[in-house]
Amino acid sequence: MQLLKVRVKSITYLAQDILGYEFEGANGQTLPAFTAGSHIDLHVENVPMRSYSLCNRYVDSKTYRIAICKDINSRGGSIGYLNNLKAGQIIEISAPRNNFEFHGKQNEIVFIAGGIGITPILSMIETAQNLNWKLYYFARSEDKCAFAEYLGKTYPENVEIIFSDCVNKIPKRVDDVFNDHSKTAEFYCCGPGNMIEEFKKFHAEFPNTYYESFVAEHQVSTENSYTVELRKSNKFIEVVQGETLLDALLNNGCDVMNSCREGICGACETLVLEGEVDHRDSILTDDEKRQNKSMFPCCSSAKGKFLVLDL
Ligand code: FES
């Protein structure tokens, strides 16, 4: 897995418990291009690897920007980064990957962000400047709302911020947003699990709906035991009950890139040549799962007893 060396160029206070980080090439090198909705994985010693959305627009290939929010249920990731990353420090990151593409093809674009879910949406907004778009940004309170001032000042006509601690009126909800827009609009949503669940309910009626979740939607699959053929390496491996396919691959010397290990980040995507997959990721659409062309071995497994992978 090829990693990029970057320097922490600046750290900025964005809101309560949220800091912004800007990275530049450690040797002044150009950073790889990315599209709105992309994310990178951070690789920092003694801190668990985590993925963060890029929130700027790729313009000059000089910097990547992310925002990290302190997660009260942190397993060491967000708190580790917030406590340990220092300005000037050199760290390693993955090249950007995109599981949340921005299309911008319809006449009406609607963005829905919840809390720190604003980060990929911000990158899309900067990309959608000449389009007809509207942002609904849900946050707990003003002091926890990253980029609120920037968004309000730069796009006063396009941005509606909804605080859930608002005492004078009932705050708007995700279904109110859908009621206010046409069926042909493009809808993008990033936020907490309950917001994504609400959002997904509208997919049948509003076909252009796209979302990214921070939390795994399904349990990792380890119930089954099966044989996997690695066609390129001409190898067969046995996956036993209680083991993920990713662990079996790594234990057998197969260098598969990985990060979240719960089917969210997309790092471990692997092409499937034969066999049916029990898909447990939160990335592929239902259609893509039915097509069975790729899988995420950190969380998904064989449905039957045999699987052939392009490894
Ligand atoms: S490691 Fe993140 S999807 Fe597999």
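The values are calculated or read from the model by the stated rules, or taken from the named source; none is laboratory data. Worth saying up front: this structure is predicted, and the values here are computed from it rather than measured. Heads up, the Cβs are rebuilt from the backbone with ideal geometry, glycines too, and the neighbour counts pull from every protein chain shown. Only protein heavy atoms, including side chains, enter the accessible area calculation; ligands, DNA and RNA are left aside. Shrake-Rupley method; radii C 1.70, N 1.55, O 1.52, S 1.80 Å.
Remarks
- Which listed residue is within 30 Å of E197 (Cα to Cα), in contact with a Lys or Arg (Cβ under 9 Å, 6 or more places away or on another chain) and in the same structural domain as A128 (by TED's automatic domain parsing), from G77, G115: G115
- Positions within segment 132-158 being among the small types (G, A, S) and over 14 Å from A67 (Cβ atoms), in sequence order: S141, G152
- Meets criteria (more than 17 Å from N56 (Cα to Cα) and either of a type in the set (A, V, I, L, M, F, W, C) or in contact with a strand residue (DSSP E or B) (Cβ under 6 Å, 6 or more places away or on another chain) (or both)) for I125: no
- Taking the criterion of being assigned to a strand (DSSP E or B), closer than 17 Å to S94 by Cβ and more than 16 Å from the ligand (Cβ to nearest atom), the residues of segment 47-72 that qualify are V47, T63, Y64, R65, I66, I68.
- Within this structure, T184 fails the test of being under 30 Å from L249 (Cα atoms), surrounded by fewer than 16 Cβ atoms within 10 Å (Cβ to Cβ) and at pLDDT 95 or above.
- When residues of segment 259-280 are limited to those that are within 11 Å of the ligand (Cβ to nearest atom), free of Cβ contacts under 8 Å to residues at least 60 places away in the same chain and closer than 20 Å to S213 by Cα, the one surrounded by the most Cβ atoms within 10 Å (Cβ to Cβ): G263
- Only one of A204, A216 that is within 14 Å of the ligand (Cβ to nearest atom) and closer than 30 Å to K172 by Cβ: A216
- Considering R140, R173, the condition of being in contact with a Ser or Thr (Cβ under 6 Å, 6 or more places away or on another chain), touching a residue at least 12 places away in the same chain (Cβ under 8 Å), among the basic types (K, R) and open to solvent by 50 Å² or more (accessible area, probe 1.4 Å) is satisfied by R140 alone.
- Residues being surrounded by fewer than 20 Cβ atoms within 10 Å (Cβ to Cβ) and not in a loop (DSSP other than H, G, I, E, B) - total across segment 94-130: 4
- Strands (runs of 3 or more DSSP E) contained in segment 149-265 and holding at least 3 residues assigned by TED's automatic domain parsing to the domain that holds E126 and of a type in the set (V, I, T): 159-163
- Among the residues of segment 227-236, at least one is out of contact with any Lys or Arg (no Cβ under 7 Å at 6 or more places or on another chain), without any contact (Cβ under 8 Å) to a residue 24 or more places away in the chain, more than 13 Å from the ligand (Cβ to nearest atom) and not hydrophobic (A, V, I, L, M, F, W, C).
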